Amino acid sequence: QPPRSCEDYWWEWKHCRGLRHAFHHYYAHGEMPACGRWREDYEACRAWERGRAAAAQEALCKSERARVTEKQKYAPVWKLRKSPPPDWYLPLDQDKPN
């Protein structure tokens, strides 16, 4: 059985090709999104479901592994705290001039 349903790959491909997503991706990254991988994953998923093709299975698993490692590559933006700061209960300095 594939890691995701084939409809998930189809939906991701359609979403990636959408105008709104393309505009946002271009604004954020300065380049158009590469949506070909979602289409290839969809076709590999269908081949896996239809004929239990070993090549399609390997390609899909490799793509999923690459996607997971790419997601784990970036560190979180905020440093998580173990406990609140020691002066958390004091009022904010909103009324004081700079």
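The values are calculated or read from the model by the stated rules, or taken from the named source; none is laboratory data. Note that the structure is a prediction, hence the values are computed from the model and not measured. Positions of Cβ are backbone-derived with ideal geometry, glycine not excepted, and every protein chain shown enters the neighbour counts. Side chains are part of the model used for accessible areas, which takes the heavy atoms of the whole protein and leaves out ligands, DNA and RNA. Shrake-Rupley method; radii C 1.70, N 1.55, O 1.52, S 1.80 Å.
Quick check, is Glu58 open to solvent by 100 Å² or more (accessible area, probe 1.4 Å), charged (D, E, K, R) and touching a residue at least 12 places away in the same chain (Cβ under 8 Å)? No.
Kindly indicate whether Arg17 is over 15 Å from Arg67 (Cβ atoms), charged (D, E, K, R) and more than 16 Å from the chain's Cα centre (by Cα). Taking the combined requirement at face value, the residue does not satisfy it.
Of all residues in region 1-35, exactly one satisfies the criterion of being open to solvent by less than 70 Å² (accessible area, probe 1.4 Å), part of a helix (DSSP H, G or I) and out of contact with any helix residue (DSSP H, G or I) (no Cβ under 9 Å at 6 or more places or on another chain), namely Ala28.
Could you please let me know if Ser63 is open to solvent by less than 100 Å² (accessible area, probe 1.4 Å), under 14 Å from the mean Cα position of the chain (by Cα), modelled with pLDDT of 85 or more and of a type in the set (S, T, N, Q)? Here the answer is yes, as Ser63 does meet what is asked. With respect to the conditions (1) touching a Lys or Arg at 6+ places or on another chain (Cβ under 6 Å); (2) in a loop (DSSP other than H, G, I, E, B), Ser83 lacks only one, and its number is (1). A search for C-beta distances below 7 Å between a residue of region 25-47 that is farther than 15 Å from Leu60 by Cβ and any residue that is surrounded by fewer than 16 Cβ atoms within 10 Å (Cβ to Cβ) and among the aliphatic types (A, V, I, L, M), counting only pairs 6+ apart in sequence or on different chains, returns His25/Met32; Tyr26/Met32; Met32/Ala22; Pro33/Ala22.
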